[in-house]
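Inspection log for the structure reproduced underneath, given as structure tokens.
The values are calculated or read from the model by the stated rules, or taken from the named source; none is laboratory data. Because the structure is predicted, anything quoted here is derived from the model rather than measured. FYI the Cβ positions are ideal-geometry reconstructions off the backbone, even for glycines, and counts take in every protein chain you see. These accessible areas exclude ligands, DNA and RNA; they are computed on the full protein's heavy atoms, side chains included. Shrake-Rupley method; radii C 1.70, N 1.55, O 1.52, S 1.80 Å.
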Amino acid sequence: EQDFASYNSYFAQANEVLKLYSKHSSHIKVNYLDLDKNPNKATQYTALGATTGDLVFQTDQNSKVVSLQNLFNLTSTSSGSYISSSKAELAISSALLSVTSDVQHKVTFITGHEEASLSALETLLESNNFQVNSVSLDTGDLDEDTEIVVISAPLRDFSADELKKLDVFLTNDG
């Protein structure tokens, strides 16, 4: 904990958010792990995609890795990058929601028609426990468990086959 919290004031703030969550819920435990000193645990967490400095949120059924880059807003300059602000509370809250929620709604973004990029919306949805994917209806189909379809200002028309796929989605409670 000391190594994490003492890095700078933004890390100290993230550490305080973690401590507050564990203080207010007996279901949340915060542990700090030195991967170099615990190679067995290191293998377990690296299998999840975690690297040094990442936060890992786990329940018996789910896990989510939050990288350091997701805790902070970074600003790049010609001399390098620096932390300009914190989004630790949002990232931690989102991770907790993700591992404790029984339901994850699926949103599919339609591609293949030079649609406008909505990467900020995709990030926001993912931060709020939505499963986000994309599909080109020309070459693929909507997954049966898709609940929301986003078509973002396409510049090219849809083919008759693509429109039929969307119509099937809409007539099946889409």
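Answer yes or no as to whether ASP167 is free of Cβ contacts under 8 Å to residues at least 60 places away in the same chain, part of a helix (DSSP H, G or I) and open to solvent by 30 Å² or more (accessible area, probe 1.4 Å).
On the way: free of Cβ contacts under 8 Å to residues at least 60 places away in the same chain: yes; part of a helix (DSSP H, G or I): yes; open to solvent by 30 Å² or more (accessible area, probe 1.4 Å): yes.
Yes; evaluated as a whole, the condition is true for this residue.
Residues that are surrounded by 14 or more Cβ atoms within 10 Å (Cβ to Cβ) number at least 2 in the following strands (runs of 3 or more DSSP E) confined to region 8-99: 55-58, 63-66, 80-86. Of all residues in region 95-106, none that is modelled with pLDDT under 85 has its Cβ atom under 6 Å from the Cβ atom of a residue that is among the β-branched types (Val, Ile, Thr), 6 or more apart or on another chain. Taken together, the residues in region 124-154 that are closer than 30 Å to PHE57 by Cα, out of contact with any Lys or Arg (no Cβ under 8 Å at 6 or more places or on another chain) and open to solvent by 80 Å² or more (accessible area, probe 1.4 Å) amount to 3. Taken as a whole, the structure places PHE130 among residues that are in contact (Cβ under 8 Å) with a residue 24 or more places away in the chain, farther than 16 Å from LEU166 by Cα and aromatic (Phe, Trp, Tyr).
Residue by residue through region 110-141, note down the ones that are more than 20 Å from SER94 (Cα to Cα) and touching a Ser or Thr at 6+ places or on another chain (Cβ under 6 Å). Let's see the steps before the verdict.
Applying the first criterion (more than 20 Å from SER94 (Cα to Cα)) to region 110-141 yields 110-117, 134-141.
Within region 110-141, THR111, GLY112, GLU115, ALA116, SER134, VAL135, SER136 meet the criteria.
LEU121 meets all of the listed conditions (1) within 30 Å of PHE158 (Cα to Cα); (2) in a loop (DSSP other than H, G, I, E, B) but one, namely (2).
So which residues in region 104-121 are open to solvent by 70 Å² or more (accessible area, probe 1.4 Å) and of a type in the set (Asp, Glu), if there are any at all? First the steps, then the outcome.
Our first condition is that a residue be open to solvent by 70 Å² or more (accessible area, probe 1.4 Å); within region 104-121, this holds for 104-105, 114, 117, 119-120.
Residue satisfying the conditions is GLU114 alone.
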